């Protein structure tokens with residue numbers, strides 16, 4: 001049986017992080033990681049302070065946390081009812097560990113990622129049909 005993972009979010013207009021003019025990349029990444037973990041069988045439940053305040057008030061662990069640290073210390077992550085993480089969203093590896101999931105080994109793509117190839121100067125260039133057409137970038141890994 002997989003662990004029950006509960007995420008107590010701060011007051012958000014949406015769970016995805018893609019709303020309004022300010023996109024929260026950490027929230028976008030977490031939403032993708034949570035969807036991956038759920039797809040692998042993890043039990044993840046999210047609660048939004050602005051939409052489900054009673055879930056916060058009715059959970060003694062969460063209520064005590066908010067009294068000590070305030071809403072600015074959210075998000076709070078509980079695993080089987082115990083505090084596992086506070087102040088940031090968990091990464092995919094953490095979700096996998098808590099849920100007992102196997103995390104796929106990352107592909108050996110280097111700093112350039114799978115869609116680019118290292119150029120002669122050690123920086124990245126988009127994959128090209130021929131090496132002659134590869135143009136290096138600014139000298140830093142992309």
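The values are calculated or read from the model by the stated rules, or taken from the named source; none is laboratory data. Just so we're clear, the structure is a prediction, and the values are computed from it rather than from any experiment. Please note: Cβ atoms are built from the backbone with ideal geometry, for glycine as well, and neighbour counts cover all protein chains shown.
Computed values, structure above
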{"quantity": "Check on residue 49, under 17 Å from residue 29 (Cα atoms), touching a strand residue (DSSP E or B) at 6+ places or on another chain (Cβ under 9 Å) and in the same structural domain as residue 25 (by TED's automatic domain parsing)", "calculated": "no"}
{"quantity": "Hey, residue 49 touching a helix residue (DSSP H, G or I) at 6+ places or on another chain (Cβ under 7 Å) and under 22 Å from residue 2 (Cβ atoms) or not", "calculated": "no"}
{"quantity": "Some residue of the range 90-102 being surrounded by 12 or more Cβ atoms within 10 Å (Cβ to Cβ) and over 17 Å from residue 3 (Cα atoms)", "calculated": "no"}
{"quantity": "Residues satisfying the stated conditions in the range 30-50, i.e. farther than 16 Å from residue 101 by Cβ and either surrounded by 14 or more Cβ atoms within 10 Å (Cβ to Cβ) or without any contact (Cβ under 8 Å) to a residue 12 or more places away in the chain (or both)", "calculated": "31, 46, 47, 48, 49"}
